[in-house]
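Asker: I'd like to ask you about the structure that follows.
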Amino acid sequence: MKIRERVIEEFTNQFKNSPDHIVRAPGRVNLIGGHTDYNDGFVLPMAIDHSIWIALRPRRDRRVLLRSLQFNSSADFSLDNIQHTKGWQGYVQGIAWVLQKNKFEIRGWEGILSGDVPIGAGLSSSAALELSLLKAFYAISDYKWDGALMAKFARQADNEWVGVQSGIMDQMISALAKKNHAMLIDCRSLSTKFVPLPISEELGFSPGL
């Protein structure tokens, strides 16, 4: 069973109804410029077809309830009382925290999370998780999606909440990926340029919710 279908099925089983939204965000490989994103250099990443998926619906209160099928555990907290938690749940809390810190009005929601981005394999599973969470909040909120800004928020959550001093490359490509293209990023100005890949078969990630 494909991951998209699985999160929908598990959502329906747990919450007794179909999800209102399905979102995803991809992992990445980097073609040029390893370790230069946090030194204001140039990098050339591209998204891969391995992604994090979330099936969700809004709640009437300000509670966030998200179950991970991979970890067989849940994140469960109020947007009015976000406390630090270790593990993958810390990323959920960190994204909620960074949106509210930057004056975005967000709502509670409940969902099912799963993905096939290998953890610890250098494919940016944490950035994919962060961007899938940002897309989940976006799907049920009233703010405009700005991929570059959301990438900055993901890095801020990494740096200030999770405590990981990451660069910006992983979040930028996960937020802005274009199918069959790599993305040249100037990590000083955050300007980007899509670079077509000379390949015979379709490769990469098609962005969208």
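We did not get these values from a lab; they are worked out from the coordinates using the rules stated. Just so it is clear, the structure is predicted and the values come from calculations on it, not from any experiment. Neighbour counts run over all protein chains shown; Cβ positions are idealised from the backbone, glycine included.
Asker: If the cut-off is 28 Å between C-alpha atoms, which lysines fall inside it for Lys152, apart from same-chain ones fewer than 8 positions away?
Answerer: Leaving aside lysines fewer than 8 places away in the same chain, those within reach of Lys152 are Lys86, Lys101, Lys103, Lys135, Lys144, Lys178, Lys179, Lys193.
Asker: Could the peptides 170-183, 110-123, 139-152, 42-55 be put in order, highest first, of the mean number of other beta-carbon atoms found within 10 Å of their residues?
Answerer: 170-183, 42-55, 110-123, 139-152
Asker: Taking H placed 1.01 Å from N in the peptide plane, check which residues at least 5 places from Arg59 or on another chain put their amide H under 5 Å from its amide H.
Answerer: Hits under the 5 Å cutoff: Gly108, Trp109, Glu110.
Asker: Here's a follow-up. Between the DSSP loop rule and a limit of at most 13 other Cβ atoms within 10 Å, which GluC sites (Glu not before Pro) in the stretch 114-204 are left?
Answerer: Here the sparse-neighbourhood loop sites are Glu201, Glu202.
Asker: Need the full-extension length gain, Asn17 to Gln165, defined as separation in residues times 0.36 nm minus the C-alpha distance. One decimal, nm.
Answerer: Extra length available between Asn17 and Gln165 comes to 49.3 nm.
Asker: Just to be sure I understand the model, the point goes 7 Å from the Cα along the line to the Cβ. What's the resulting Asn81 to Lys179 distance in nm?
Answerer: It is 4.6 nm.
Asker: Residue by residue through the stretch 157-162, what is 3J(HN,Hα) from phi via Karplus (6.51 cos²θ - 1.76 cosθ + 1.60, θ = phi - 60°)? Round to whole Hz and write x for glycine and proline.
Answerer: Working through the residues one at a time gives 5, 4, 6, 9, 10, 6 Hz.
Asker: Would you compute, for the Cα atoms of the chain, the largest minus smallest coordinate along each principal axis and list the three values in descending order, in whole Å?
Answerer: 46, 37, 31
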